[in-house]
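**Q** After the structure tokens below, expect a handful of questions from me.
The values are calculated or read from the model by the stated rules, or taken from the named source; none is laboratory data. It should be emphasised that the depicted structure is a prediction, and the values quoted were computed from it without experimental measurement. Heads up, the Cβs are rebuilt from the backbone with ideal geometry, glycines too, and the neighbour counts pull from every protein chain shown.
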Amino acid sequence: MKTHRILLISCLAALLVLSVVPTAFGVCGGTIDVRVSTEDDDAEECLDGSCTVGSVDLTSSDLELIYDDGSNNSNQEVGMRFQNISIPQGATITNAYVEFTTDATPTNTANLTFYAEDIDDAPTFTTATNNITNRTKTLASVDWDNVPVWDTVGETHQTPDLSLVIKEIVDRTGWTSGNDLVIIVTGSGGSW
């Protein structure tokens with residue numbers, strides 16, 4: 001049985017890979033690449049520190065997971081939106097992961113939790129206060145604990161399997177092939 005791999009690429013070096021079992025609904029083997037197409041498709045929300053709590057940054061050149069040790073010295077919640085996901089409602093997801101590319105080296109380990117936004121078609125991020133934390137998260141989540149320091153710039157790192165999180169979205173009765181999907185990352189430590 002062939003699987004269908006869908007690659008969703010963030011402009012900030014995050015890559016979401018989905019493996020889907022073929023169905024009678026037209027899903028077959030192959031690869032689809034989807035890039036973050038606008039600046040507001042990835043965002044960081046300040047949770048504490050020297051920034052305004054609840055403020056959302058849409059213009060950062062990278063995503064810090066989770067502690068931003070730059071000018072804000074703050075913990076944050078991160079969101080990534082992938083547009084036009086060509087997976088039919090109810091498709092079987094056999095594997096899903098986000099792959100990150102290191103662009104700076106953190107100083108400590110991280111504990112991360114991955115969710116999706118629990119909505120049929122995820123809207124873009126805005127600078128509205130609490131625009132990430134106010135989004136409803138899936139019941140399913142995946143922990144990635146004790147993520148070691150990534151000490152080589154350009155090196156890639158894959159999350160654990162996120163298929164349960166993605167499956168919760170594509171199983172929604174309102175999900176339609178071509179909808180948009182948001183991944184939300186919470187946690188502690190790190191600083192990429």
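**Q** Can you tell me how many residues within the range 50-79 are more than 17 Å from residue 124 (Cα to Cα) and surrounded by fewer than 15 Cβ atoms within 10 Å (Cβ to Cβ)?
**A** Qualifying residue count, the range 50-79: 7.
**Q** Same structure again: Looking at 104, 122, 96 in this structure, which one is of a type in the set (A, V, I, L, M, F, W, C) and at pLDDT 95 or above?
**A** 122
**Q** Please state which of the following conditions residue 158 fails to meet, knowing it meets all the rest: (1) touching a Phe, Trp or Tyr at 6+ places or on another chain (Cβ under 7 Å); (2) under 26 Å from residue 55 (Cβ atoms).
**A** Residue 158 satisfies every listed condition except (2).
**Q** Which is modelled with pLDDT of 95 or more, of a type outside the set (A, V, I, L, M) and at positive phi, of 134, 130, 146?
**A** Answer to the selection: 130.
**Q** Determine, yes or no, whether residue 140 is of a type in the set (Gly, Ala, Ser), in contact (Cβ under 8 Å) with a residue 12 or more places away in the chain and surrounded by 15 or more Cβ atoms within 10 Å (Cβ to Cβ).
**A** Yes: the conditions hold for residue 140.
**Q** Return only the number of the condition from (1) under 18 Å from residue 80 (Cβ atoms); (2) without any contact (Cβ under 8 Å) to a residue 40 or more places away in the chain that residue 148 does not satisfy.
**A** All conditions pass for residue 148, except number (1).
**Q** When residues of the range 58-108 are filtered for being under 15 Å from the mean Cα position of the chain (by Cα) and touching a residue at least 40 places away in the same chain (Cβ under 8 Å), how many remain?
**A** 22
**Q** Any residue that is in contact with a Gly (Cβ under 9 Å, 6 or more places away or on another chain) and on the phi < 0 side of the Ramachandran plot - is there at least one of those in the range 159-169?
**A** No, that holds for no residue.
**Q** Let me ask another. Keeping to the range 71-113, report how many residues are among the acidic types (Asp, Glu) and farther than 17 Å from residue 160 by Cα.
**A** Within the range 71-113, residues that are among the acidic types (Asp, Glu) and farther than 17 Å from residue 160 by Cα number 2.
**Q** Right, next: Are any residues in the range 65-101 closer than 25 Å to residue 133 by Cα and not in a strand (DSSP E or B), and if so, which ones?
**A** Listed by number, the residues that qualify are 65, 69, 70, 71, 72, 73.
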